[in-house]
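Enquirer: To start, I am sharing the structure in question, which I have written as structure tokens.
Throughout, read-outs are computed from the coordinates displayed, never taken from laboratory work. Keep in mind that this is a model prediction, so the values were computed, not measured. Ideal geometry is used to build each Cβ from the backbone, glycine not excepted, and the neighbour counts take in all protein chains shown.
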Amino acid sequence: MNEAVKPATLKPAAAPPPPKHLQALAPLTPDEINIAVAVVKADPELGPGVLFENIDLREPSPAEYRAYLDGGKLPREARINVNHLDVPGVWQLIVSVADKAIIRRTHFPAARAGFMVEQMISVEVNVKNDPRFIEACRKRGISDMTGVIVDSWSGGNFGHEDEEGRLISHTFSWLRVHEFGNYYAHPIEGLNAVIDVKTGEVLRVDDYTDHPPIPMTRYDYDPEFLPPPDAPLKPLDVVQPDGVSFTIKDHAISWDKWTLAIGFTPREGLVLHDIRFDGRSVVRRAAIAELVVPYGSPLYGHARQNIFDVGEYGFGKLTNSLKLGCDCLGQIQYLDAHVNGLKGEVVTIEKAVCIHEEDAGILWKHWDFRTGRTVLHRGRKLVISSICTVGNYEYAQYWYLDQAGEIEFEMKATGIVNTNACHPGQPDKYSTEIQPGLGAPIHQHIFCARLDMAVDGGGNSVVETNSYMEPFSDSNPYGNAFHAVDTVLKTELAAARRADLSTHRSWKVVNPNKLSQVGKPVAYKLHAPNCVTPMIQDDGPSGIRSNFIRNHIWVTPFNENERYPAGEFVANSDGRDGLAELVKQDRNVENTDIVLWHSFGLHHVVRAEDFPVQPCISCGFSLAPAGFFEVNPSNNLPPVINRASVLAGENKASCCS
Ligand SMILES: [Cu+2]
């Protein structure tokens, strides 16, 4: 606190209302989805049997959004991907909600739609009914098929002739020994099925010989099977006696100096739009646009484990309904999300997005030891989060906005690690033996954030900073000299970059049209602490499709059809739409509407303690002002002392009373 000020005289300010114009970026409502679906089903080419993959808002381009802010209109339009059981390919449609009409349609004959929840369930049923699969289970001593779990993993693109043109799943199996038991403790090793997801035809059952036995020791996480735990810790409550300091209206939100709109798509889940601090634009759109999880084992069927959880399954569709006091602590504002089922029906996920404030420790502090005077401010963050479950893993995404102008993203991975079986004491070199006879293969979780940047408006460039130590010379006689060099990355190929610890390489997004008080372009810096070195070969079947992992940043000019780092159509794709291919156009990315793509994640050599359920491990990045403000924007905050704080063991406030 600032010791010179009497905090008791200050009253909390009322939160300002969010700007009304942001409401135009809200996701489609159930009514709008229903209108769009009816239009598509009534279309003579598509018909009532059409299958829906994704329905989301057709978002404005930067130019459209600027025109809207200047007083223009933003039409409500749906962007829809549909497919048919009998016709190859995917149609992409733009439907005008107001006009109830398809205003654009494109058919991509070689594309495959992503996997829908309904299809994952039918894959399990069809594989379990296949006589070859039943026989393989019988050979392993399984006579009752009810306990067999078949997880539908995407099949990738491995050049098998019989898989061409089909939506292919390559399955892995486990054994459930109790309804609520942890079946990932019991992998059925060396048994995979290859299935056409749309027709349900099981193309092959790969029953490898010489496989290890199914480990049968139980490792449960459900309290039903565990001994009574020790007494809980004492309660820790978050109390905001005067309520929260944010306001929200139709997905537009205002908190402290921040304003933004909260979007949600079936594919990415949480999306943030038009993020501004004190009215100044920073990011036009932010979302996690892809996640690929390459596994390192080439044994049995594991070489095909290279799953795209966003592009093939959809973080949005698999988002959890959150629980107050469990997922979220304190005073919580929830938003529901509305996604689509396979037949176009609205699927509402209640409490899909959590919005709340958190204490963030000290924001800054200084003690002038000569005068004895201390000034400090505690930090506060606005947290916008959601959690999804993709098969065995949970991914919890958190966006944090702080009072010093920083935007931070954190991804927490929890859930259950993927498992395989080994002969006890003889794990393969690609796996950690986490329990006797139970392995967990090495893998990576590589996310890609798509950040449509608008630092102080349009016309942005990316600048790379490298630091160099200088050799001894007449001007560096003591060898201490080192300095940083900025380089503008002017084209797409020049801007495909990897981290380099030897120069402490970093990147910032600048607006060359807006200069700071010292004549430099205003900027936001990307803090990228979780760059992952990719470990799969670029030219392998999985490396080709996940080519966005080859670099840690990519920069492209905005193009409304380049939405995802592994391409629009990822399932069984050939990789031709991925970032590494897109940037071969080598377009200009200097002083224009740019998209910054950041690949980051986790390199996961599994620990025994990641099982039977994994405590959260996290990764992320942040965008911090770097010459955007003249001084620290949190320099002059109102002094606040938390009056609920007391000395341990006492019940009365210890300070300022
Ligand atoms: Cu992992």
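Enquirer: P(r) for the chain: what percent of alpha-carbon pairs falls in each 20 Å bin, starting at zero?
Expert: Distribution as computed: 17, 48, 30, 5, 0 percent.
Enquirer: Report the gain in length on full extension from Arg176 to Cys616: 0.36 nm times residue separation, minus Cα-Cα distance, nm rounded to one decimal.
Expert: Residue separation times 0.36 nm, minus the Cα-Cα distance, leaves 156.0 nm.
Enquirer: Given 0.36 nm per residue, what is the gain on full extension from Asp574 to Val485 after removing their alpha carbon distance, in nm?
Expert: Stretched out fully, the Asp574 to Val485 stretch lengthens by 28.2 nm.
Enquirer: State, to one decimal in nm, how far the label point of Leu329 lies from the label point of Arg104, with both points 7 Å from Cα in the Cβ direction.
Expert: Simple spin-label model gives 4.6 nm for this pair.
Enquirer: Based on alpha-carbon centroids, what's the gap between the stretch 443-492 and the stretch 21-80 in Å, whole number please?
Expert: Their Cα centres are 39 Å away from one another.
Enquirer: Note down the magnitude of the dipole of the stretch 246-625 about its Cα centre, charges +1 on Lys and Arg C-beta and -1 on Asp and Glu C-beta and zero elsewhere, to the nearest 20 debye.
Expert: Dipole of the stretch 246-625, to the nearest 20 debye: 560 debye.
Enquirer: Can I ask one more? Given R₀ = 51 Å, what would the calculated FRET efficiency be for Thr592 paired with Glu45, taking r from the Cβ atoms and rounding to 0.05?
Expert: In this case the efficiency is close to 0.85.
Enquirer: Kirkwood Rh and Cα-based Rg: tell me the resulting Rg over Rh for the stretch 224-382, rounded to two decimals.
Expert: The Rg/Rh ratio comes out at 1.09.
Enquirer: Another one. Given a Förster distance of 30 angstrom, what is the FRET efficiency for Asp278 paired with Thr374, based on the Cβ-Cβ distance and rounded to 0.05?
Expert: The value I calculate is 0.65.
Enquirer: Still on this model: Could you tell me which residue out of Pro424, Ser385, Cys137 lies farthest along the dipole of the chain toward its positive end? Charges go on the beta carbon: Lys and Arg +1, Asp and Glu -1, centred on the Cα centre.
Expert: Sorting the options by dipole projection puts first Ser385.
Enquirer: How big is D for the stretch 62-186, in µm² s⁻¹ as a whole number, if Stokes-Einstein is applied with the Kirkwood radius of its Cα pairs at 25 °C and 0.890 mPa s?
Expert: Values: Rh = 18.5 Å.
Answer from the Stokes-Einstein relation: 132 µm²/s.
Enquirer: Let's see if you can work this out: charge +1 on each Lys and Arg Cβ, -1 on each Asp and Glu Cβ, no other charges. What is the dipole magnitude of the chain about its Cα centre, in debye to the nearest 20?
Expert: On the way: 62 positive and 82 negative charges, 354 e Å.
Using only the charged Cβ atoms, the result is roughly 1700 debye.
Enquirer: Sum up the charges of everything whose Cβ sits under 12 Å from the Cβ of Phe621, counting Lys and Arg as +1 and Asp and Glu as -1, but leave Phe621 out.
Expert: -2
Enquirer: Calculate how large, on average over all directions, the projected area of the Cα convex hull of the stretch 246-625 is; give the answer in nm² to one decimal.
Expert: Computed as one quarter of the Cα hull surface, the answer is 24.6 nm².
Enquirer: Could you tell me which of Cys354, Ala404, Thr465 has its Cα farthest along the dipole of the chain towards the positive end, charges placed at Cβ (Lys, Arg +1; Asp, Glu -1), taken about the Cα centre?
Expert: Farthest towards the positive pole: Ala404.
Enquirer: Tell me, what is the FRET efficiency for Asn34 and Asp222 to the nearest 0.05, using R0 = 30 angstrom and their Cβ-Cβ distance as r? Let's see the in-between values first.
Expert: Numbers: r = 38 Å, r/R0 = 1.27.
Efficiency at R0 = 30 Å is approximately 0.20.
Enquirer: Over the stretch 192-335, what is the relative contact order in percent, taking alpha-carbon pairs closer than 8 angstrom and at least six residues apart?
Expert: Numbers: 176 pairs, mean separation 23.2, N = 144.
RCO, the stretch 192-335: 16 percent.
Enquirer: Turning to a different aspect of this structure: As I understand it, the dipole of the chain uses +1 on the Cβ of Lys and Arg and -1 on the Cβ of Asp and Glu, about the Cα centre. Which of Val194, Pro19, Gly47 lies farthest toward its positive end?
Expert: After comparing all options, I get Pro19.
Enquirer: Quick check for me: using +1 on Lys/Arg Cβ and -1 on Asp/Glu Cβ, what's the dipole size of the stretch 527-653 about its Cα centre, in debye to the nearest 20?
Expert: The dipole of the stretch 527-653 has a size of about 480 debye.
Enquirer: If you don't mind, another one. As a quick test, which of the pairs Lys11/Lys323; Lys41/Lys198; Lys198/Lys317 have an alpha carbon distance above 23 angstrom in this structure? It would help to have the intermediate numbers written out before the result.
Expert: Values: Lys11/Lys323 32 Å; Lys41/Lys198 19 Å; Lys198/Lys317 19 Å.
Violating the 23 Å Cα-Cα cut-off are Lys11/Lys323.
Enquirer: At q = 0.12, 0.18 Å⁻¹, what base-10 log of I(q)/I(0) does the Debye formula yield for the stretch 456-559 when every alpha carbon is treated as an equal point scatterer in vacuo?
Expert: After summing over all Cα pairs, the log10 values are -0.56, -0.98.
Enquirer: Quick check: pseudo-label points 7 Å beyond the Cα along Cα→Cβ at Ser645 and Ser475, how many nm apart are they?
Expert: Roughly 4.8 nm, to one decimal.
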